[in-house]
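Working notes for the structure below.
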Amino acid sequence: MTIVGFLQIALYMVVLLLCVKPLGLYMANVYEGKSRVNRVFAPGERGIYRLFGTREDLEMNWKTYALAFMVFNLIGLLIVYVLQRAQATLPLNPFGLGAVAPDSSFNTAVSFATNTNWQGYAGESTMSYLTQMLGLTVQNFVSAAGGMAVLVALIRGLARRTTNLIGNFWVDLTRSTLYILLPMATILAVVLVSQGVVQTFDNYQTAQVVDETALTDADGNAVTEQVLAVGPAASQIAIKQLGTNGGGFFSVNSAHPFENSTPLSNFLECLAILLIPAALCYTFGKMIGDTRQGWAILAAMTIIFVLLLGVVAFAEQAGNPNLPGIVDQVSSAANPGANMEGKEARFGVPTSALWAAATTAASNGSVNSMHDSYTPLGGLVPMWLMQLGEVIYGGVGSGLYGMLIFAIIAVFISGLMVGRTPEYLGKKIEAYEMKMASLVILIPPAVVLIGTALAVVSEGGLATVGNTTPPVHGFSEVLYAFSSAGNNNGSAFAGLGANTPFHNTALGFAMLFARYWLVIPALAIAGSLAAKKSVPVGEGTLPTHTPLFIALLIGIVILVGALTFFPALALGPIAEHFMMIGG
Amino acid sequence: MHRPNKVEWGQVIRPAIISIMFFTVVTGVLYPALITGIAQVVFPYQANGSLIHDDQGNVIGSELIGQQFSDPAYFWGRLSVTGPVPYNGAMSSGSNYGPLPPALIGEDGMIQARITALQSADAAAGVTNDALIPVDLVTASGSGLDPHISPAAAEYQVARVAAVRGLDVAVVREVVAQHTEGRQLGWLGEARVNVLALNLALDDLSES
């Protein structure tokens, strides 16, 4: 890697970590109703709650909170489904796109409601402007806000004592959307437009191409026109990055020059992926009254992230040894070098690798390069980052509540070692919490591995695999798809033709299981912990803000992820790596 | 404070229905309309696709979207595998080839076909070119619409373009230099050459 490549990654990490405290503090104040925006907009906010039929002080027990989350998602899912099925008869459809097929509509509706944003379809040739706005953009906001709300409820469960109330879902949802996501998305969208990201309701443009002899269609006639798909893209892209959604306006997502035009737009979009998930660690520390706890969690996430980012950057930089000798893969100021298949010239390899790690560490799933064309080890890292459970920063809200569950597992295991009842943040961790935590840890791997196994023994699962030479790469495509859906990420090894009834259905159910079977146990833990008394810190209490605990937490996350997925990874990317270097 | 852990439906159904309508209006209508309004007023050129017009005002492309060039008098861009023809601006796509399939690295594969095309074009133009070929010139971009190549990939083609156009190599190299952008803000991304803009500048040069 060139020095500048390394520096770009370092700059990214520094800017990210500098934003954690100010943004995290702002979010904590917003959720506690203490921020200036709460005061300024208080009358309007009260009006909104009156309209909804609720009140700020009308708090919920965990079951009501969970049900509010589920019903809200179900209605959103139905709206996205109906919009896709009816778009041909609705306005704002300049390209005259037809109704989306039922299986694809189901898959996409689930995908956006669950904050996965897996895309089986090609945006510019499938979705009308109306569907993109009223369906997809809305879910980009509220599915992210829903994840943040669940996190805040879990934090309250840890912070409160002897109550069964964990907050009001509608208040948390509204504040996440209006005070956090909406202002940030507005600023980012305008900056993106300044870089060249399109934002228009006009029809697609047609250009008369310059080299009129270059293209012929299937009948041998010259093709002298280029249709340029445009649309209201910037507004959707800003929130798909900030809300760890990832669903692109165009088919190739942020590799598309109208979606990610310059290296600066790339830097900002990539920063937006991890910004809120990282800052929520500080929010957590602030809300429980001990910011050291938040920094410890953030440190564990950051250490794992930087190590794995190093692997993917190194693997991509090494290039593909099987290219003909006349091809120059050495990086220099004039030549990006390395593995450029599926990557854009303006981004080069280091920032593509950085994006690949960030988008899979967080459950974002947007791409600025094609992961399917990565070297085997370069593609293994994004896959494994998803398989770790989307807890390395993770989705907005969902990443941190997942990581807090891992922290509970970590104190439980250390408690077993010394024969003491484990406690986390003054709350005793008992059988009920451990049952729920086990569900959170076990369900995603079960969905991923069982789903992959079913797909590779069925005709429908294998029919649309893109790369069959070597076959292990085709296996990787299927494993990647289920890892993505089963952890609500949404990125893909896009060679797999996933817009088939089999994959739309199977991956749709994987996304449903992965989202709701985690939210419900997480809220159950919140309810159970909120009802407990606080145990005073004693000599036998394991401090959870120390380097020792950070190391323990990293160890647990890595160990669970490695033990569960090593066999599957050995059959896919690891086998392919040896085939590649063996010639 | 204590209420039994029972579901309170009054807090669920009505707020769910009304809130989704509220957020649809705010985030699905007002927000995109606001961004479009700002974009069209402050950045109309970018917001509408950075379009390039000819002297008659016809759209001949976008600064941000590459076009297919196969005439040896033009610089060639990245490989594009969009369907049904390369550089289809309404159907972005990468190759999604892994590192090993014959369609990518085989003797009849995509990379070798590009190498052969470059070498035959050089031979036909009477140019001897012993340089290694920069990797971005033989690989497909992620979008299939990449408007750029690296400065090295442009330099590789300078001798051919100059010979076919009957221009001095130094003149062509100068035009390339004028269309080379460094890393943005000195740090970000990679140095690059906009292929469409470069070729249009060469056409202008040949006409004048």
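Just so it is clear, none of the values below were taken in a lab; they were calculated from the coordinates. Fair warning: this is a prediction, and the values are worked out from it, not measured in the lab. We place every Cβ from the backbone using ideal geometry, glycine too, and count neighbours over all the protein chains shown.
Summary table below
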| read-out | value |
| --- | --- |
| Rg [Å, one decimal], Dmax [Å, integer] - the range A:327-396, C-alpha atoms | 12.9, 42 |
| Packing-based exposure ordering (other Cβ within 10 Å, fewest first) of A:F482, A:F502, A:F314, A:F106 | A:F314, A:F502, A:F106, A:F482 |
| Estimated FRET transfer efficiency (A:K533, A:S458; beta-carbon r; R0 56 Å; 0.05) | 0.60 |
| Rh (Kirkwood; distinct C-alpha pairs) - the range A:342-477, Å | 17.4 Å |
| Choice from B:V172, B:V25, B:V138 showing the highest fluctuation, given a GNM over chain B with Cα pairs closer than 10 Å | B:V25 |
| Normalised convex hull volume, the range B:1-64, alpha-carbon set, Å³ per residue | 164 Å³ |
| Chain A, helix-only ellipticity at 222 nm - DSSP H runs n ≥ 4, -39,500 (n - 2.57), divided by all residues, nearest 500 | -19500 deg cm²/dmol |
| Value in Å of the Kirkwood radius, where the range B:166-208 supplies the Cα pairs that are averaged | 11.3 Å |
| Residues whose placed amide H lies under 5 Å from that of A:V327, excluding near-sequence neighbours | B:I133 |
| From phi via Karplus (6.51, -1.76, 1.60), per-residue ³J(HN,Hα) for the range A:243-250 in Hz, x at Gly/Pro | x, 6, 8, x, x, x, 6, 9 |
| The range A:498-506 - phi-based ³J(HN,Hα) in whole Hz, Karplus 6.51/-1.76/1.60, Gly and Pro as x | 8, 8, 10, x, 4, 6, 4, 6, 4 |
| Modelled FRET efficiency - R0 45 Å, A:T505 with B:A124, Cβ distances, 0.05 increments | 0.25 |
| Cα gyration tensor, the range B:130-188 - rounded (a/c under 1.5), prolate or oblate | oblate |
| Placed amide H near A:E423: partners under 5 Å, 5+ positions off or other chain | A:I429, A:L542 |
| Euclidean distance of C-alpha centroids, the range A:170-190 and the range A:56-84, integer Å | 18 Å |
| Efficiency of FRET between A:T468 and A:V306 - r from beta-carbon atoms, R0 35 angstrom, step 0.05 | 0.50 |
| Fraction in percent of alpha-carbon pairs per bin - 10 Å, the range B:3-126 | 10, 20, 21, 17, 14, 10, 5, 2, 0 |
| Hz values of 3J(HN,Hα) by residue in the range A:257-274 - Karplus curve (6.51, -1.76, 1.60), Gly and Pro given as x | x, 7, 9, 7, 8, 9, x, 5, 4, 5, 4, 5, 5, 5, 4, 5, 4, 9 |
| Prolate/oblate/rounded call for the range A:489-583, Cα gyration tensor, a/c under 1.5 rounded | oblate |
| Fluctuation leader among B:V85, B:V12, B:V135 - chain B, Gaussian network, Cα springs under 10 angstrom | B:V12 |
| Spatial separation of Cα centroids for the range A:257-298 and the range B:151-183, in angstrom | 42 Å |
| The protein assembly as shown - share of DSSP beta bridges that are antiparallel (%, nearest 5) | 85 percent |
| Cα-based convex hull volume of chain B per residue, rounded to whole Å³ | 253 Å³ |
| Which listed pairs, of A:K63/A:K240; A:K63/A:K532; A:K286/A:K427; A:K435/A:K532; A:K63/A:K435; A:K532/B:K6, have C-alpha distances above 21 Å, in listed order | A:K63/A:K240 |
| Rounded tilt (10° steps) of A:348-361 against the dominant C-alpha axis of chain A | 40 degrees |
| Computed label-point distance, nm, for sites A:E32 and A:T213 using a 7 Å Cα→Cβ extension | 7.3 nm |
| Kirkwood estimate for the range B:91-208, i.e. one over the average of 1/r between Cα atoms, Å | 15.7 Å |
| For the range A:530-580, average projected area of the Cα convex hull in nm² | 6.4 nm² |
| Simple label model, 7 Å out from Cα along Cβ direction - A:A431 to B:W9, nm | 3.3 nm |
| Principal axis dimensions, the protein assembly as shown - Cα atoms, whole angstrom, descending | 88, 55, 50 |
| Fraction of the pair-distance distribution of the range A:177-327 above 19 Å, Cα-Cα pairs, percent | 68 percent |
| Binned Cα-Cα distance frequencies in the range B:69-125 - 5 Å width, integer % | 4, 17, 20, 24, 20, 11, 3 |
| Number of partner chain Cβ atoms within 10 Å, mean per residue of B:41-48 | 6 |
| With Cα atoms, 0 to 90° folded angle of helix A:42-52 axis to chain A main axis | 80 degrees |
| C-alpha long axis of helix B:110-124 to longest principal axis of chain B, angle in ° | 30 degrees |
| Hits among aspartates and glutamates - C-alpha to C-alpha of A:K428 under 20 Å, sequence gap 8 or more where chains match | A:D290, A:E539 |
| Debye-sum result for the range A:1-155 in log10 I(q)/I(0), which assumes one identical scatterer on each alpha carbon, at q = 0.10, 0.13, 0.17 Å⁻¹ | -0.56, -0.85, -1.05 |
| Other-chain or far-sequence residues with amide H under 5 Å of A:L228's (modelled H) | A:Q205, A:T206, A:A207 |
| Whole-angstrom gap from the range B:1-43 to the range A:540-583, using each part's C-alpha centre | 39 Å |
| Computed over the range A:373-449, the ratio Rg/Rh where both radii use C-alpha atoms and Rh is Kirkwood | 1.08 |
